């Protein structure tokens, strides 16, 4: 099965006709797509009540890809707001309980930063992370090319298989060391993740303060030919992997939802069990 969705649900204006309050956006979102990436969990370990509400707002077969907290992936600047890393991981796993209990947790996504390169201490840390997460499904995404050089690619993939990491495959600008190539190999027979970041090379390398970089980094609209090529890639992945999750993150210009809809149409998929659409009566 190929499961198409978006990263986050709050900023996709084309999905929300009429007046939809922020509180109700996930309900409306899940009338369009059967899965979503939770990015709020990257910025702070979320209270259990938040996940419980999101689980309640979505249909029974809906799936969440939950980003790992930034302190877990080395993005956190300064000290983590926990006594130590063990406490941090314990708190994060506690926050996942509503998803897990409802069978709505597709995976936790560990997206590592560009400075997380291939070296022994980082390999050891990945092993430690995977051990901490136990039986919880986890995906791994790199942002440093050293993991996928010609001589290391197969070793990296073998390591991911051995440690039971789901591969997060990227379509992103090929913009030097801080980006990775598209490696169309799954490391699990059950699940694989594909994330579409766009192909804006200038925006990808832009240095900005605060949230400014977000305005251009993911500013890209996939054309019909690019999406058509990817339908074949997704189908190929689906031959060896039961569930292929495809998430569009190219939303600096509000293009993600439209591109995801195009992908669903090109794949000729009609999802069952979505939430009913809100009727705008006035």
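The values are calculated or read from the model by the stated rules, or taken from the named source; none is laboratory data. A quick note: this is a predicted structure, and the numbers were derived from the prediction, not measured. As a convention, Cβ positions derive from the backbone with ideal geometry for all residues, glycine included, and neighbour counts pool all protein chains shown.
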Checklist entry - Hey, among the residues in the range 135-147 that are touching a residue at least 24 places away in the same chain (Cβ under 8 Å) and assigned to a loop (DSSP other than H, G, I, E, B), which one's surrounded by the most Cβ atoms within 10 Å (Cβ to Cβ)? => result 142
Next on the checklist: Anything in the range 10-26 that is modelled with pLDDT under 95 and touching a helix residue (DSSP H, G or I) at 6+ places or on another chain (Cβ under 7 Å)? List them, or say none.
Outcome noted: 10, 12, 14, 15, 16, 20
Item to check | Residue list for the range 98-122, restricted to those being loosely packed, with under 14 Cβ neighbours inside 10 Å and modelled with pLDDT of 95 or more | outcome: 101, 103, 119, 120, 121
Checklist entry - So which residues in the range 81-90 are surrounded by fewer than 16 Cβ atoms within 10 Å (Cβ to Cβ) and either touching a strand residue (DSSP E or B) at 6+ places or on another chain (Cβ under 9 Å) or part of a helix (DSSP H, G or I) (or both), if there are any at all? => result 85, 86, 87, 90
Checklist outcome for this item: For residue 132, the lone unmet condition from (1) under 30 Å from residue 257 (Cα atoms); (2) in contact with a helix residue (DSSP H, G or I) (Cβ under 6 Å, 6 or more places away or on another chain) is (1)
Next on the checklist: On the basis of being free of Cβ contacts under 8 Å to residues at least 12 places away in the same chain and within 27 Å of residue 243 (Cβ to Cβ), does residue 163 make the cut?
Outcome noted: no
Item to check | Some residue of the range 254-268 being outside any helix (DSSP H, G or I) and either loosely packed, with under 13 Cβ neighbours inside 10 Å or at pLDDT 95 or above (or both) | outcome: yes
Checklist entry - If you go through the range 52-75 one residue at a time, do you hit one that is outside any strand (DSSP E or B), over 14 Å from residue 27 (Cα atoms), free of Cβ contacts under 8 Å to residues at least 60 places away in the same chain and over 18 Å from the mean Cα position of the chain (by Cα)? => result no
Checklist entry - Looking at the range 60-69, is at least one residue surrounded by fewer than 20 Cβ atoms within 10 Å (Cβ to Cβ) and more than 21 Å from residue 245 (Cβ to Cβ)? => result no
Checklist entry - How many residues does the range 93-130 contain that are touching a residue at least 40 places away in the same chain (Cβ under 8 Å), touching a strand residue (DSSP E or B) at 6+ places or on another chain (Cβ under 8 Å) and in a helix (DSSP H, G or I)? => result 2
Item to check | Failed criterion for residue 24 (all others in (1) crowded, with 16+ Cβ neighbours inside 10 Å; (2) under 16 Å from residue 8 (Cα atoms); (3) over 18 Å from the mean Cα position of the chain (by Cα) hold) | outcome: (1)
Item to check | Residues (buried (at least 20 other Cβ atoms within 10 Å of the Cβ) and out of contact with any helix residue (DSSP H, G or I) (no Cβ under 6 Å at 6 or more places or on another chain)) located in the range 30-53 | outcome: 30, 33, 34, 35, 36, 37, 38, 41
Next on the checklist: I need a count of the residues in the range 1-49 that are farther than 30 Å from residue 235 by Cβ and in a loop (DSSP other than H, G, I, E, B).
Outcome noted: 11
